[in-house]
Amino acid sequence: KELRQRILHPEKFGLFAAEFKEIILALNPTAEGKATMLYLKRFLKPLGKKITSLGLGLPKGGELEYADEETLASAFERRE
């Protein structure tokens with residue numbers, strides 16, 4: 001519930017003049033991360049916002065915390 005409220009009413013959470021046009025999901029490319037992304041995409045779909053996730057560039061099973069800046073930039077550019 002709170003996540004939806006933050007997206008629909010960002011001003012109530014200190015984000016003034018913010019309108020979300022896209023939600024980019026950046027989770028680890030593990031089985032758990034993929035399952036969480038699928039759940040979040042279904043959960044957030046009724047909000048009518050564009051929902052994407054980072055594209056290729058991160059190794060399968062790798063940890064997001066250990067990715068270098070260039071790899072993250074590449075994944076961001078190729079998001080789906």
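Computed from the coordinates by the stated procedures, all read-outs in this text should not be read as laboratory data. Since we're looking at a predicted model, the values are computed, not measured. Note that we place each Cβ from the backbone using ideal geometry, even for glycine, and neighbour counts take in every protein chain shown.
Tilt of helix 31-44 relative to the longest C-alpha principal axis of the chain, in degrees (0 to 90, nearest 10)?
Long axis of 31-44 versus the principal axis of the chain: about 20 degrees.
Can you give the Kirkwood hydrodynamic radius of the chain from its Cα pairs, in Å with one decimal? The partial results should precede the final answer.
Details: mean 1/r = 0.0728 Å⁻¹.
Computed over the chain, the radius equals 13.7 Å.
DSSP loop chymotrypsin sites (Phe, Trp or Tyr not before Pro) in the chain with at most 11 other Cβ atoms within 10 Å of their Cβ, which ones?
On the way: sites: 13, 16, 20, 39, 43, 66, 76; in loops: 16, 20.
Filter output for the chain: 16.
Can you pull out the trypsin sites (Lys or Arg not before Pro) in region 14-80 that DSSP calls coil and that have at most 12 other Cβ atoms within 10 Å?
Numbers: sites: 21, 34, 41, 42, 49, 50, 60, 78, 79; in loops: 21, 49, 60, 78, 79.
Within region 14-80, the qualifying trypsin sites (Lys or Arg not before Pro) (loop, at most 12 other Cβ atoms within 10 Å) are 21, 60, 78.
Setting aside same-chain residues fewer than 8 positions from residue 1, which lysines have a Cα under 24 Å from its Cα?
12, 21, 34, 41, 45, 49, 50
Need one number: nm distance between label points at residue 3 and residue 47, each 7 Å from Cα along Cα→Cβ, rounded to one decimal.
In this crude label model, residue 3 to residue 47 measures out at 0.9 nm.
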